[in-house]
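Student: Got a structure for you, written out below as structure tokens; questions coming shortly.
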Amino acid sequence: MRSVYFDNSATTMMDSRVLEAMMPFFREQYGNPSSLHFLGDGAAIAIRDSRRTISKALNCLPTEVYFTSSGTESDNIALQGAALAYGKPGDRIITTSIEHSAILATADRLRELGFDIHILPVDREGFVDPEELERSINHRTVLVSVMAANNVVGSMQDVPYLAAICQEKGVLFHTDAVQGFTKMDLDMQKMGIDMLSISGHKFHGPKGIGALYVRNGVKLKPLFYGGGQEGNLRPATENVPGIVGMGKAVELAMEGREEDIRRMTSIRDHIIDGAMQMDGIALNGPRERRLCNNVHLRFPGISGKDVVFALSDMGLATSTASACTAESVEPSHVLTAMGIPPEEALSVLRVSLSRFSTMDEADYFLDSFSQVLKGLREGK
Ligand SMILES: Cc1ncc(COP(=O)(O)O)c(C=O)c1O
């Protein structure tokens, strides 16, 4: 049976060149980067090189890049670290209704600690209103966190503009760029971003490795205490193979970035146009300012889960909303925040592409999808 992977927002296949770069660091160059001997040196140099590669991609200083275990950890360090360093109970933290649970659950925790958590709404396409952000910043606001690109519907916020508002108001700005990094312009010199989260497994790197950009001068309170690694912000013996793998993945992603974005965009639009020709299908999220690899469809009356299962039987890996909620029958909070009625929010499918996706796979998807819909409508 044919196998087509269209669930790249959940995770991506590791590039074989990434695996190759990582392998020596499991067996031959296994030293602890803090050790003084030659094996320690080798590991420390590899970490330095990866940090440089990532800082180049973000146009920031290497000292502004901190390695973490995941996008989730980066988000936690950014939010809790900034709240505890710069705020106190009663102070305001602003985020949005469509964030990943790594942000929303952390915001819940900060609410428990007494912080005033203000959740910004989004419009029907999944965009935050900058004026509404401006109005919600009060004299007790310490931090704003708005995701760069949404993992469900692919809406890309106007990050430079939102960051500029926060900069003008003297409020820290964090962005969860786990989905957006490598797929949209993120330039730390040009944009007033204070903190930015990324995760290796979303761009053909390994799982369990992430990074947090922290602008020089921003001093976060660590969540862990230990041996002083990563500038004391994230102490623990470094995940050297993971760090090397993420560095290699960034290097490869940045190499062919423009062309990859162009190709993914044309495959995305081909799928959207094809799906729009079928009966009873709507697009969730925007047409413009949409991630190049995201398609999210709605088909009232048919269960999204049934469609995912039927497509899976045909060798197509897709998703209803996001991997983290795939087991749950609850509608995605992102869709309901956009005003989609809860029952319709269960009749959805996300197709997410990678730079390895092809037009031929898109055609196979469109054929299979139309067959599956027909079958389900006829009650087969
Ligand atoms: C927008 C967003 N933020 C954070 C995360 C969490 O990243 P990780 O899986 O590395 O913890 C994800 C993963 O799906 C995501 O899509």
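Throughout, read-outs are computed from the coordinates displayed, never taken from laboratory work. A quick note: this is a predicted structure, and the numbers were derived from the prediction, not measured. A quick note on method: Cβ atoms are made from the backbone with ideal geometry, for glycine too, and the neighbour counts reach across all protein chains shown.
Student: Just want to confirm a number: the relative contact order over the chain, from Cα pairs under 8 angstrom separated by 6+ residues, in percent. Show your work: numbers first, answer last.
Tutor: Values: 741 pairs, mean separation 87.2, N = 380.
Computed over the chain, the figure is 23 percent.
Student: If you don't mind, there's one more thing I want to ask. Compare the peptides 285-295, 228-238 by average per-residue count of other Cβ atoms within 10 angstrom and give them in order, highest first.
Tutor: 285-295, 228-238
Student: Right, something else. For VAL4, VAL307, what ranking results if the residue with the fewest other Cβ atoms within 10 Å of its Cβ goes first?
Tutor: Numbers: VAL4 20, VAL307 24.
Ascending number of Cβ neighbours within 10 Å: VAL4, VAL307.
Student: Same structure, new question: Considering all alpha-carbon pairs of the stretch 161-275, what whole percent are spaced by more than 20 angstrom?
Tutor: I get 55 percent for the Cα pairs in the stretch 161-275 exceeding 20 Å.
Student: Highest first, please rank the peptides 91-103, 110-122 by the mean number of other Cβ atoms sitting within 10 Å of their residues. Spell out each step's value before the answer.
Tutor: Working: 91-103: 22.7, 110-122: 16.5.
Averaged packing, sorted descending, gives the order 91-103, 110-122.
Student: Using 15 Å as the cut-off for backbone N distance, which residues of the stretch 119-150 belong to the label zone defined by a point 7 Å from the Cα of ARG287 along Cα→Cβ?
Tutor: In the stretch 119-150, the label zone of ARG287 (backbone N under 15 Å from the point 7 Å along Cα→Cβ) covers 125.
Student: Give me the number: length gained by fully extending ARG262 to LYS374, i.e. 0.36 nm times residue separation minus the C-alpha to C-alpha distance, one decimal in nm.
Tutor: In short, 37.1 nm is gained.
Student: Would you please name the chymotrypsin sites (Phe, Trp or Tyr not before Pro) within the stretch 1-47 that are DSSP coil residues with at most 13 other C-beta atoms within 10 Å of their C-beta? Don't skip to the end; give the middle numbers.
Tutor: Numbers: sites: TYR5, PHE6, PHE25, PHE26, TYR30, PHE38; in loops: PHE6, TYR30.
The qualifying sites are TYR30.
Student: Can you quote the Å³ per residue value for the convex hull of the Cα atoms in the stretch 16-254, rounded to an integer?
Tutor: 109 Å³
Student: Tell me the mean residue ellipticity at 222 nm calculated for the chain from its helices only (DSSP H runs of n ≥ 4, each -39500 (n - 2.57), averaged over every residue, nearest 500).
Tutor: Calculated from helices alone, the mean residue ellipticity at 222 nm is -12000 deg cm²/dmol.
Student: Then there is this: Answer with one residue from ASN138, SER35, GLY192: the one whose Cα lies farthest towards the positive end of the charge dipole of the stretch 16-254, charges on Cβ with Lys, Arg +1 and Asp, Glu -1.
Tutor: SER35
Student: Separate question: For the ranges 52-64, 76-88, what's the packing order if you count other beta-carbon atoms within 10 Å of each residue, average per peptide, and put the highest first?
Tutor: 76-88, 52-64
Student: Label points 7 Å out from Cα along the Cβ direction at ALA105 and PHE356: separation in nm?
Tutor: Here the answer is 2.8 nm between the modelled labels.
Student: For SER35 and LYS88 in one chain, what is 0.36 nm times their gap in residues minus the Cα-Cα distance, to one decimal in nm?
Tutor: 15.2 nm
Student: How big is the charge dipole of the chain about its Cα centre, in debye rounded to the nearest 20, if each Lys and Arg gets +1 on its Cβ and each Asp and Glu gets -1 on its Cβ?
Tutor: It comes to approximately 660 debye.
Student: With unit charges on the beta carbons (Lys and Arg positive, Asp and Glu negative) and the dipole taken about the Cα centre of the chain, which residue among GLY170, HIS270, GLY226 sits farthest to the positive side?
Tutor: Toward the positive end, the furthest listed residue is GLY226.
Student: While we're looking at this one, here's another question. Once the piece of chain linking ARG140 and GLU20 is laid out straight, how much longer is it, given 0.36 nm per residue of separation minus the C-alpha distance between them?
Tutor: Contour length minus the Cα-Cα distance gives 38.3 nm.
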